Structures are given as C-alpha cells and as structure tokens.
1. Of the conditions (1) in contact (Cβ under 8 Å) with a residue 12 or more places away in the chain; (2) surrounded by 12 or more Cβ atoms within 10 Å (Cβ to Cβ); (3) over 20 Å from H13 (Cβ atoms); (4) not aromatic (F, W, Y), S105 satisfies every one except a single condition; which number is it?
2. Within the stretch 110-122, is there a residue that is in a loop (DSSP other than H, G, I, E, B), closer than 21 Å to I24 by Cα and touching a residue at least 40 places away in the same chain (Cβ under 8 Å)?
3. Just for the stretch 29-49: of the residues that are part of a loop (DSSP other than H, G, I, E, B) and without any contact (Cβ under 8 Å) to a residue 40 or more places away in the chain, which one is surrounded by the most Cβ atoms within 10 Å (Cβ to Cβ)?
4. Answer yes or no as to whether F89 is open to solvent by less than 40 Å² (accessible area, probe 1.4 Å) and either at pLDDT 90 or above or on the phi > 0 side of the Ramachandran plot (or both).
5. Restricting attention to the stretch 68-81, and to residues there that are surrounded by fewer than 20 Cβ atoms within 10 Å (Cβ to Cβ) and at pLDDT below 95, which single residue is farthest from C102 (Cα to Cα)?
6. Kindly provide the set of residues from the stretch 55-66 that are part of a loop (DSSP other than H, G, I, E, B) and in contact with a strand residue (DSSP E or B) (Cβ under 8 Å, 6 or more places away or on another chain), ordered by number.
7. Give the residue that is modelled with the highest pLDDT, with candidates limited to residues of the stretch 58-67 that are open to solvent by less than 80 Å² (accessible area, probe 1.4 Å) and not hydrophobic (A, V, I, L, M, F, W, C).
8. Filter the stretch 117-131 down to residues that are surrounded by fewer than 15 Cβ atoms within 10 Å (Cβ to Cβ) and either within 14 Å of F10 (Cβ to Cβ) or modelled with pLDDT under 90 (or both), then give me how many there are.
Amino acid sequence: MHDASSSCCFAHHSSFILELQEFISKYGTSDASSDETMKNVQNLLLTHFYKKSPMFTTKHLGQAQGFNGYTVYWLHMVIPDCNLSRTQFPKTYFYKTDGHICFLSLNSHMQNYKDSKLRSVANQRLLEMIEVLKTHC
C-alpha cells in the first residue's frame, strides 16, 4: 500500500498478514478486521515517523537489536475491539527504511510466544522482504 501524501510505502510479509488475521479471528470481535487494524497502525506510524509527531511511547515502540545493521523496530500492536489488556496485545517486528515500512512477524503472550523465536522469524523474513523491496514502489 502506498500513501500518496507521504514518501512511505507499506509492503508486509504475507505470513505476517496471516498471523494478524489469525490473531484477530481468535481474540477480536466481529467489528475488528485485519485491514482496518493495518490501516490504523500504518496511519499512526506515518504520523510518528514522517510527520515528526510521536504517537508511541517507548513502552509501545522501540528499535530492535540483532538485525545485522538493518533498522528494525518492535511494536506492541493495539487491535481494536479485542478487549485485551495492554500486556496481551501482540508484539510485532517491522523493518523501516526512508521509504518503506514492512511488518515481518507477530505473536502474543496469549499464544505463549518466546521473543527470541519471534525475533528469529523476523530476521528470516527480513531477508525475504529486502529482496521484494528491490522491485517495490
């Protein structure tokens, strides 16, 4: 997805989209959708990173370590209409360049994830997305 009002393109790993859809179908309500969730999060990230108007605190967003010099962030993703506590929202990793934001992986304490495994999956998918971005936007 490309937002015409910014210089940023969004290109997410297909497995991330499936993880988000699965999470929402399991813990969301009929009002929540993965498309709506992504649109909201993307708009918040555009404002946070590109309009220099921070939307997230360091409790919810931070730069990840261990990605071989690539700029990868983690985010505790808020899912509308899920009725979950802050600690139950899924954690996601995304790759950011000057012109792209690519979500890589997602998991939650609701599913007993291990952060090292989530980070490892994100690292694998990062390499795939770098190849995709060579021809994107």
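The values are calculated or read from the model by the stated rules, or taken from the named source; none is laboratory data. Keep in mind that what you see is a predicted model, and the values were worked out from it rather than measured. Cβ: placed from backbone, ideal geometry, glycine included. Neighbour counts: every protein chain shown. Accessible surface areas use protein heavy atoms only, side chains included; no ligands, DNA or RNA. Shrake-Rupley method; radii C 1.70, N 1.55, O 1.52, S 1.80 Å.
1. Going through (1) in contact (Cβ under 8 Å) with a residue 12 or more places away in the chain; (2) surrounded by 12 or more Cβ atoms within 10 Å (Cβ to Cβ); (3) over 20 Å from H13 (Cβ atoms); (4) not aromatic (F, W, Y) one by one, S105 breaks only (3).
2. Residues of the stretch 110-122 that are in a loop (DSSP other than H, G, I, E, B), as a first pass: 112-114.
Applying the additional criterion that residues be closer than 21 Å to I24 by Cα yields 112-114.
The next check asks that each one be touching a residue at least 40 places away in the same chain (Cβ under 8 Å); those that pass are none.
No - not one qualifying residue is present in the stretch 110-122.
3. My answer is S33.
4. It is false that F89 is open to solvent by less than 40 Å² (accessible area, probe 1.4 Å) and either at pLDDT 90 or above or on the phi > 0 side of the Ramachandran plot (or both).
5. D81
6. F56, K59, H60, A64
7. Step by step, filter the stretch 58-67, then rank; the result is G62.
8. To start, the set of residues in the stretch 117-131 that are surrounded by fewer than 15 Cβ atoms within 10 Å (Cβ to Cβ) comprises 117, 120, 124, 127-128, 130-131.
Narrowing further to those that are either within 14 Å of F10 (Cβ to Cβ) or modelled with pLDDT under 90 (or both): 131.
Total meeting the criteria: 1.
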